[in-house]
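A.B. asks: So that we are looking at the same thing, I have put the structure below in structure tokens.
The values are calculated or read from the model by the stated rules, or taken from the named source; none is laboratory data. Small disclaimer: the values here were computed from a predicted structure and weren't measured. Cβ atoms come from the backbone with ideal geometry, glycine included; neighbour counts cover every protein chain shown. Protein only, heavy atoms only, side chains kept; ligands, DNA and RNA dropped before computing areas. Shrake-Rupley method; radii C 1.70, N 1.55, O 1.52, S 1.80 Å.
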Amino acid sequence: MTIFQKIIDREIPADIVYEDDQVLAFRDIAPQAPVHIVLIPKRPIVSVAHAAPDDALLLGRLLLAAAQVARELGVDGAGYRLVTNVGQHGGQSVFHLHVHLLAGRPLHWPPG
Ligand code: AMP
């Protein structure tokens, strides 16, 4: 079981900023920007590499939730970045699909 499943199950605490029937979003425990939110599907999928065609709606819901959270936190005007890390070279450390919402400072491109 991943740490994110424990957050879904309320076994460990998290600073939750958004929840609906399929998506949960909470503040990252080690923020890389002034605003750093992690958005996850409640249904466990390892990464986008493991997503199936049936997951298309859920993946869309994740992105729409990210945009909603960005609006609610007031960072949509200045802009933000959405990232999903996949596997070892992608820097994935928690193997439950998630989207990072990073905002609150200029974000450089390309990332290091
Ligand atoms: P990734 O490296 O893309 O797999 O991202 C995993 C993210 O989860 C990292 O940014 C971690 O800081 C974050 N994280 C790990 N444990 C927790 C936790 N208990 N609560 C909130 N964020 C967490």
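A.B. asks: Starting from segment 1-28, keep only residues that are open to solvent by less than 80 Å² (accessible area, probe 1.4 Å), then list their pairs with residues that are more than 11 Å from the ligand (Cβ to nearest atom) and aromatic (Phe, Trp, Tyr) whose Cβ atoms are within a distance under 9 Å, requiring at least 6 positions of separation or different chains.
C.D. replies: Matching pairs, first to second residue: Leu24/Tyr18; Ala25/Tyr18; Phe26/Tyr18.
A.B. asks: Shifting gears a bit: Can you find, within segment 88-106, the residue that is farthest from the ligand (Cβ to nearest atom) among those that are part of a strand (DSSP E or B) and open to solvent by 20 Å² or more (accessible area, probe 1.4 Å)?
C.D. replies: Top of the filtered list is Leu102.
A.B. asks: Restricting the first residue to segment 91-105 and requiring it to be among the hydrophobic types (A, V, I, L, M, F, W, C), which pairs with a second residue that is within 6 Å of the ligand (Cβ to nearest atom) meet a Cβ separation below 7 Å and a spacing of at least six or different chains?
C.D. replies: Taking only residues 6 or more apart or on different chains, the pairs are Val94/Ile3.
A.B. asks: Give the residue, chosen from Val69, Val48, that is within 15 Å of the ligand (Cβ to nearest atom), open to solvent by less than 10 Å² (accessible area, probe 1.4 Å) and of a type in the set (Val, Ile, Thr).
C.D. replies: Val69
A.B. asks: Out of Ile40, Ile45, which single residue is in contact (Cβ under 8 Å) with a residue 24 or more places away in the chain, among the hydrophobic types (A, V, I, L, M, F, W, C) and part of a loop (DSSP other than H, G, I, E, B)?
C.D. replies: Answer to the selection: Ile45.
A.B. asks: Give the residues of segment 55-90 that are under 18 Å from Gln22 (Cα atoms), small (Gly, Ala, Ser) and either touching a Cys at 6+ places or on another chain (Cβ under 6 Å) or without any contact (Cβ under 8 Å) to a residue 12 or more places away in the chain (or both), sorted by residue number.
C.D. replies: Ala56, Gly60, Ala67
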